[in-house]
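Quick notes on the structure that follows.
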Amino acid sequence: FFVRTNSSCWHTDPFSSSELQDACGCRKCPNGTPGAPYLKNSLGHTLLNLSAFSVEEYLLVASEKPRLGGWSFGVRISDQVEDANSNISKPKTLAKVWYNQGFHSLPSYLNHLNNLILWRHLPPSADWRQYGITLYSHPYGGALLNEDKILESIRQCGVALCIVLGFSILTASIGSSVVKDRVTGAKRLQHISGLGYRMYWFTNFLYDMLFYLVSVCLCVAIIFAFQLSAFTFRENLAATALLLALFGYATLPWMYLLSRIFSSSDVAFISYISLNFICGLCTMLITIMPRLLAIISKAQNLQNIYDVLKWVFTLFPQFCLGQGLIELCYNQIKYDLTHNFSVDSYVSPFEMNFLGWIFMELAFQGTVLLLLRLLLHWDLLQQWRGHSALRDTVKTSKDIDVEKEQMRVFEGRTSGDILVLHNLSKSYQSFFKKTTAVQDISLGIPRGECFGLLGVNGAGKSTTFKMLNGDIAPTSGRAVIRTPMGDEVALSSAGVAGVLIGYCPQQDALDDLLTGWEHLHYYCSLRGIPKQHIPEVAEDLVRRLHLEAHVNQPVRTYSGGTKRKLSTALALVGKPDILLLDEPSSGMDPCSKQYLWEAIMKDVREGCAAVLTSHSMEECEALCTRLAIMVNGSFKCLGSPQHIKNRFGDGYTVKVWLCKRGHQHHTISDCLKLHFPGIQFKGQRLNLLEYHLPKRWGCLADLFKVLEKNKTFLNIKHYSINQTTLEQVFINFATEQQQTPQATLEPSTDSYHPQHLPI
Ligand SMILES: Nc1ncnc2c1ncn2[C@@H]1O[C@H](COP(=O)(O)OP(=O)(O)OP(=O)(O)O)[C@@H](O)[C@H]1O
């Protein structure tokens with residue numbers, strides 16, 4: 001308790017009744033006469049001659065119950081509280097009001113003193129009884145301040161931050177799915193199969209929004225269940241739901257636009273979360289600082305800074321969400337504070353100068369970004385770049401066949417070809433180095449041809465494929481298709497020109513949740529096959545690729561080989577004019593390979609032009625009418641498999657199986673070298689020895705003769721003599737590949753590999 005009686009003297013302690021009685025000069029006068037017409041201070045000095053005012057009765061009556069309060073006059077200021085500048089202690093005429101316990105005692109005793117002062121200043125002729133200040137006491141009408149409620153609203157600011165974090169993660173996980181679609185090739189596959197860009201993005205957006213809105217509903221239900229007043233009071237629940245929904249509406253197109261820069265969906269997911277949270281939290285913190293300082297200091301320039309920052313940061317949907325939720329909490333705190341004083345300071349969140357501007361901003365951003373996403377697409381950019389990338393200069397190649405093909409393309413002798421590559425090149429530019437993945441390849445592929453692209457890992461096959469299917473733009477050169485009318489059109493316009501392309505990507509672009517049937521039905525619909533014919537077409541493909549046992553199961557239950565079969569089946573849907581097959585048989589058993597080859601050959605025989613990459617020489621020999629071996633991004637040889645074997649496969653391969661394991665090869669090697677000095681020992685595995693005999697060092701008949709004659713003497717169980725295989729030609733070229741970390745030979749799963757020396 002304290003009573004301030006003047007600027008330099010105040011008491012903070014409550015007083016006991018006896019202290020109070022002692023302090024009341026009128027009750028306990030120094031001369032010992034209660035009720036004397038003098039008011040004296042504690043030192044006995046007369047302060048007021050009350051008889052002059054005839055108020056003694058009043059004071060006596062007023063001081064009858066001194067335990068509730070009283071007055072003292074002329075009390076000397078204690079040394080501690082005296083002004084430090086004045087060291088002279090002098091008595092001052094003071095009036096002090098004392099009170100104790102009762103809440104009403106202070107105002108009533110103060111009022112007595114005020115009355116006294118009033119009467120003191122009345123003119124002598126005036127009757128003091130006619131004047132007076134009356135004090136009324138009424139109970140307080142308002143409720144007490146509910147501190148718990150206010151603290152709860154402040155705590156809900158923390159909930160707002162959690163909501164921002166949660167929705168940052170949710171939108172990131174939804175937004176990164178399109179990156180997965182692109183990286184696995186599913187997006188490209190759908191475009192190639194006939195799905196337009198706009199349709200893809202629009203349906204994606206609709207589906208993602210639907211999925212997102214389910215989460216919004218769950219979140220709003222939880223908020224409602226826990227009755228978080230900042231987000232549920234009056235119109236706040238509707239505002240919270242709208243804010244969350246619009247956040248998704250503005251954020252998803254923004255993520256779609258950025259999706260192209262990510263090479264993995266995991267990287268995209270982490271990046272989106274970081275971007276969301278950085279944009280959301282940092283912008284909120286940056287704006288909160290000047291706002292708080294402006295509230296504390298009442299400085300107008302800080303308020304201006306806050307206003308400017310607020311408008312600038314509305315560019316970020318994350319800021320809009322955080323700011324909107326914090327504003328709802330702030331509104332609620334204000335309401336809780338003023339509500340106790342019967343003032344309703346609640347502002348509707350839908351008012352334009354409150355959250356209305358945030359809603360408008362989010363809706364505007366979402367619409368503009370979605371339109372941008374629908375209008376801008378990769379092929380459009382490729383077309384712009386394609387015009388500047390054309391460069392038709394004939395480069396001399398080391399190989400005569402490659403050069404001939406190049407001349408054929410440049411001289412325009414490709415009228416019968418459906419797919420033509422003009423000097424196609426691709427370089428990847430990173431910060432520190434430039435990698436030339438594909439270098440000036442020219443090629444024309446007619447209908448009914450299966451062209452094989454061979455090369456070690458990193459030779460540039462997949463890059464060539466990506467340029468063919470429109471996934472990446474060539475650095476220079478172009479790939480065109482010839483329409484049935486004979487016009488050359490860009491690959492991206494194939495669908496419009498009526499040329500169907502089937503694509504089997506290196507990674508299976510399948511949806512784990514769909515069954516084989518559902519995949520086939522979907523891709524048949526994309527190809528435009530009439531609904532009534534879809535079962536027939538799908539069944540035909542299932543039968544040709546022997547997928548009957550799996551087609552009703554979800555794809556997640558498929559083995560690697562079965563997934564490849566389904567991927568190839570999807571590429572074959574609708575009898576495409578051009579088939580792009582990137583390692584279609586990898587991971588398949590020999591039996592499945594036979595079915596696959598038959599399926600591909602059937603389409604090729606019916607006039608389809610196929611381009612195939614494979615690490616299986618057996619497959620290339622079985623399927624390809626022509627092939628090229630790529631080394632460091634350029635063709636090193638080109639022609640039919642037999643032509644390549646004839647040109648580059650010099651001589652014979654001799655395989656000798658010994659009767660016993662562990663025998664050294666020296667005796668046999670010495671014997672063979674005696675008859676054929678040019679023979680090369682290539683390696684030994686268990687009891688198998690392998691030799692290469694160049695043609696000029698001996699003929700087939702002599703070789704048989706020597707081996708038959710010495711079979712028993714050399715402990716030979718049996719032997720075989722073959723013409724040099726395509727695989728050996730391939731290995732010979734592969735040694736030319738730059739010794740980069742990627743340039744390692746991938747062992748074929750299909751054929752036995754001895755420890756080869758290069759031929
Ligand atoms: N996105 C990229 N950025 C930079 N360099 C790349 C990129 N993609 C491929 N390369 C490089 O381009 C070269 C050719 O790669 P590509 O994937 O076309 O080889 P490939 O013949 O298909 O190999 P594989 O048989 O393993 O599929 C390699 O040196 C590779 O490192």
Problem set entry | Whole-Å distance, taken between Cα centres, linking the range 508-543 and the range 175-191 | 19 Å
Problem set entry | Farthest positive-ward along the range 153-375 dipole, Cα basis, beta-carbon charges - from Pro290, Asn236, Val214 | Val214
For this session: Past 29 Å, Cα to Cα, is the threshold; run Lys180/Lys426; Lys426/Lys602; Lys575/Lys645; Lys404/Lys682; Lys398/Lys593 against it and keep the listed order.
Result: Lys426/Lys602; Lys575/Lys645; Lys404/Lys682; Lys398/Lys593
For this session: Only Cα pairs under 8 Å and at least 6 apart count here; give the relative contact order of the range 153-375 as a rounded whole percent.
Result: 33 percent
Seminar exercise, completed: Applied in sequence order to the range 694-705, the curve 6.51 cos²θ - 1.76 cosθ + 1.60 (Karplus, θ = phi - 60°) yields integer Hz couplings, x standing for Gly and Pro, of x, 4, 5, 9, x, 10, 4, 5, 4, 5, 4, 4
For this session: Could you work out how far the C-alpha centroid of the range 408-464 sits from that of the range 311-370, in angstrom?
Result: 56 Å
Exercise. Taking H as built 1.01 Å from N, whose amide H comes closer than 5 Å to the amide H of Asp417, not counting residues under 5 places away?
Worked result: none
For this session: Would you kindly work out the equivalent ellipsoid of the range 396-642 from its C-alpha gyration tensor and give its semi-axes, the square roots of five times the eigenvalues, largest first in whole Å?
Result: 30, 20, 18
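Under a point-charge model restricted to the Cβ atoms of Lys and Arg (+1) and Asp and Glu (-1), what is the dipole moment magnitude of the range 396-642 relative to its Cα centre, in debye to the nearest 20? Write out the running numbers ahead of the final one.
Numbers: 26 positive and 29 negative charges, 92 e Å.
The calculated dipole for the range 396-642 is roughly 440 debye.
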Problem set entry | Residues Leu454, Leu281, Leu686, Leu443, sorted so that the one with the fewest Cβ neighbours within 10 Å comes first | Leu686, Leu281, Leu443, Leu454
Exercise. Using the alpha carbon gyration tensor of the range 554-633, what are the three equivalent-ellipsoid semi-axes (square root of 5 times each eigenvalue), largest first, in whole Å?
Worked result: 20, 16, 12
For this session: Hey, can you grab everything whose amide H is under 5 Å from the amide H of Leu627? Only 5+ residues off in sequence or another chain; H modelled, so Pro and N-termini drop out.
Result: Gly452, Gly639, Ser640
Exercise. Going by how many other Cβ atoms sit within 10 Å of their own, how do Cys671, Cys659, Cys162, Cys329 line up, fewest first?
Worked result: Cys162, Cys659, Cys671, Cys329
Problem set entry | ³J(HN,Hα) computed for each position of the range 449-456 - Karplus, 6.51 cos²θ - 1.76 cosθ + 1.60, integer Hz, glycine/proline x | 10, 10, 9, x, 10, 10, x, 6
For this session: List the residues whose amide H sits under 5 Å from the amide H of Gln439, counting only those 5 or more places along or on another chain, with H placed 1.01 Å from N in the peptide plane.
Result: Lys426, Ser634
Problem set entry | Sorted by Cβ neighbour density within 10 Å, fewest at the top, the residues Ser425, Ser442, Ser720 | Ser720, Ser425, Ser442
Exercise. Each residue of the range 492-502 in turn: what ³J(HN,Hα) in whole Hz from Karplus with 6.51, -1.76, 1.60 and θ = phi - 60°, glycine and Pro shown as x?
Worked result: 5, 9, 4, x, 5, 7, x, 10, 8, 10, x
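Please report the relative contact order for the range 568-675, taking Cα pairs under 8 Å with a sequence separation of at least 6, and give it as a percent rounded to a whole number.
Details: 76 pairs, mean separation 20.6, N = 108.
So the answer I get is 19 percent.
We did not get these values from a lab; they are worked out from the coordinates using the rules stated. On a predicted model such as this, the values are computed, not experimentally measured, just so you know. Note that each Cβ is placed from the backbone with ideal geometry, even for glycine, and that neighbours are counted across all protein chains shown.
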